[in-house]
1. Report whether or not residue 90 is at pLDDT 95 or above, surrounded by 12 or more Cβ atoms within 10 Å (Cβ to Cβ) and within 15 Å of residue 148 (Cβ to Cβ).
2. As an exercise: evaluate residue 126 against (1) touching a Lys or Arg at 6+ places or on another chain (Cβ under 9 Å); (2) surrounded by 14 or more Cβ atoms within 10 Å (Cβ to Cβ) and give the number of the one condition it does not meet.
3. Can you tell me which residues in the range 93-122 are of a type in the set (Gly, Ala, Ser) and crowded, with 20+ Cβ neighbours inside 10 Å?
4. Residue under question is residue 83, and the condition is that it be closer than 17 Å to residue 40 by Cβ and surrounded by fewer than 19 Cβ atoms within 10 Å (Cβ to Cβ); does it hold?
5. How about the range 130-158: which of its residues are of a type in the set (Lys, Arg) and touching a Lys or Arg at 6+ places or on another chain (Cβ under 9 Å)?
6. For residue 74, state whether it is assigned to a loop (DSSP other than H, G, I, E, B) and touching a helix residue (DSSP H, G or I) at 6+ places or on another chain (Cβ under 7 Å).
7. Tell me yes or no: at least one residue of the range 67-82 is in contact with an Asp or Glu (Cβ under 6 Å, 6 or more places away or on another chain), under 17 Å from residue 154 (Cβ atoms) and at pLDDT 95 or above.
8. Out of the range 139-158, which residues are in a strand (DSSP E or B) and closer than 16 Å to residue 97 by Cβ?
Amino acid sequence: MWSPQGVATSSDWIMSRTLRVPIIGNGHYGPCFQRKEPHTMQSKLLLYPVGNLDTALPFFTEALGLPVKFRDGDRYCALDAGALTLALVAGEERLVEQPALAFKVDEGEDIATAVARLVKAGAAVTQPPAQGPHEARAVLHTPEGFALVLSAKLAPAS
């Protein structure tokens with residue numbers, strides 16, 4: 001394998017280099033990245049409904065070894081599952097009956113506007129936007145019938 005320093009005996013040299021790709025439009029090369037388009041919602045949270053947090057938690061913390069990031073009483077417990085947070089939800093926080101991805105609405109976009117955009121694309125509203133304990137949220141079903149949850153930061157109290 002060739003490198004600027006001569007012959008490399010393994011792929012270590014290549015693997016240690018930042019991937020560089022042409023950036024469309026200007027012909028220059030830059031680090032590979034993903035540009036965020038308007039209305040690109042982010043999801044790093046999977047809501048996982050359970051009957052009782054205290055009963056369900058040992059499986060996830062002891063058997064799977066997931067550390068607790070945050071717990072809010074008997075209704076919500078966030079677990080660190082790497083790039084994804086697994087949120088065990090019970091009681092009033094149990095918005096869905098099956099595991100569902102939760103998407104954050106873009107900052108500056110109203111949750112009702114985001115819901116309307118998804119409905120226009122074929123989603124069905126299961127629970128309209130409502131204020132939760134920490135954020136506004138809505139539950140929809142995709143055109144294929146899978147639940148997803150939208151959340152948006154609450155406006156600061158004046």
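1. Details: at pLDDT 95 or above: yes; surrounded by 12 or more Cβ atoms within 10 Å (Cβ to Cβ): yes; within 15 Å of residue 148 (Cβ to Cβ): no.
Spelling it out, it is not the case that residue 90 is at pLDDT 95 or above, surrounded by 12 or more Cβ atoms within 10 Å (Cβ to Cβ) and within 15 Å of residue 148 (Cβ to Cβ).
2. (1)
3. As a first pass, look at the range 93-122 and keep what is of a type in the set (Gly, Ala, Ser): 100, 102, 108, 112, 114, 116, 121-122.
Hits for the range 93-122 are 100, 102, 114.
4. Values: closer than 17 Å to residue 40 by Cβ: yes; surrounded by fewer than 19 Cβ atoms within 10 Å (Cβ to Cβ): yes.
When the stated conditions are applied, residue 83 passes them.
5. Within the range 130-158, the subset of a type in the set (Lys, Arg) is 137, 153.
Correct list: 153 only.
6. Working: assigned to a loop (DSSP other than H, G, I, E, B): yes; touching a helix residue (DSSP H, G or I) at 6+ places or on another chain (Cβ under 7 Å): yes.
Taking the combined requirement at face value, the residue satisfies it.
7. Filtering the range 67-82 down to residues in contact with an Asp or Glu (Cβ under 6 Å, 6 or more places away or on another chain) leaves 67, 69, 75-76.
Now restrict to residues that are under 17 Å from residue 154 (Cβ atoms): 76.
Restricting the remaining residues to those that are at pLDDT 95 or above gives 76.
Taking every residue of the range 67-82 in turn, at least one turns out to be in contact with an Asp or Glu (Cβ under 6 Å, 6 or more places away or on another chain), under 17 Å from residue 154 (Cβ atoms) and at pLDDT 95 or above.
8. Let us first name the residues in the range 139-158 that are in a strand (DSSP E or B), namely 139-141, 147-153.
Listed by number, the residues that qualify are 139, 140, 141, 147, 148, 149.
The values are calculated or read from the model by the stated rules, or taken from the named source; none is laboratory data. A quick note: this is a predicted structure, and the numbers were derived from the prediction, not measured. Every residue, glycine as well, gets a Cβ built from its backbone with ideal geometry; the counts of neighbours run over all protein chains shown.
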